1. Rank the residues 104, 195 as a footprinting-exposure proxy: fewest other Cβ atoms within 10 Å of their Cβ go first.
2. Compute the distance in nm between two label points, each set 7 Å from the Cα along the Cα-to-Cβ direction, one at residue 42 and one at residue 6.
3. Among bridges DSSP assigns within the chain, what percent are antiparallel (round to 5)?
4. What is the Rg over Rh value, at two decimals, for the range 55-146, using alpha-carbon atoms and the Kirkwood definition of Rh?
5. Starting from 0.36 nm per residue, how many nanometres of slack lie between residue 107 and residue 199 once their C-alpha separation is accounted for?
6. For a test of the definition: using alpha carbon positions, the gyration tensor, and the 1.5 limit on a/c, classify the chain as rounded, prolate or oblate.
7. Eigenvalues of the Cα gyration tensor times 5, then square-rooted: what semi-axes does that give for the range 3-113, in whole angstrom, largest first?
8. What do the square roots of 5 times the Cα gyration tensor eigenvalues come to for the range 49-107, in whole Å, largest first, as semi-axes of the equivalent ellipsoid?
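The numbers here are math on the coordinates, done by the rules we state, and not lab data. Worth saying up front: this structure is predicted, and the values here are computed from it rather than measured. Here the Cβ positions follow ideal geometry from the backbone for every residue, glycine too, while neighbour counts run over all protein chains shown.
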Ligand SMILES: C[S@@+](CC[C@H](N)C(=O)[O-])C[C@H]1O[C@@H](n2cnc3c(N)ncnc32)[C@H](O)[C@@H]1O
């Protein structure tokens, strides 16, 4: 399973940013047809706005991917201590090139995070849970390393919102390794976040759920 994920992100390393940011006519068409036009740029902007521009705590970005949506903000947060983690060497190598030298980039598995309990004031998990093979372990680990009172911000694909998106994920993207089942529904995500957090704010846009919650 893990090798399938590495292979998938290796094969897409040169087109990943273009597809997610809708950098060409074809990627805009793909998003319009298969993702009901849901704009990842817009969701990323909303998530980043939850983090104050003068944030000076410890932050974990998992999975960082190529840092396409986060590098500008992370580079500007010069009082924060930022750690970025991803399973794919190809993705994290691209992130390293974009991020300031003092931002720590680690290759690793969200299911076995190499950090102490309560190490972070904020965890960002953008477009990760639909790719993580062991989602239960990923939640456990993220909430283990997040301090009590710390903030988890995230977004990812949820099933049951659009037939064409669900078809694409099940018939193509999961087979290639970009997505890994089983996928969660909105109700399942709400139930997990409410179990771990005292404050939960959840929104959906097409087949993407995005949220801000406090442990
Ligand atoms: C769709 S990308 C999202 C990256 C970035 N956050 C973004 O929004 O562009 C999913 C990422 O999850 C990573 N990933 C998959 N399984 C993982 C795991 N077990 N631990 C850490 N990262 C993982 C992949 O390598 C890939 O970079």
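1. Fewest to most other Cβ atoms nearby, the residues stand as 195, 104.
2. Distance between label points: 3.8 nm.
3. Counting only bridges with both partners in the chain, antiparallel ones make up about 45 percent.
4. 0.93
5. Value of the extension gain: 30.1 nm.
6. Verdict is rounded for the chain.
7. 24, 19, 12
8. Each semi-axis is the square root of five times an eigenvalue, giving 19, 10, 10 Å.
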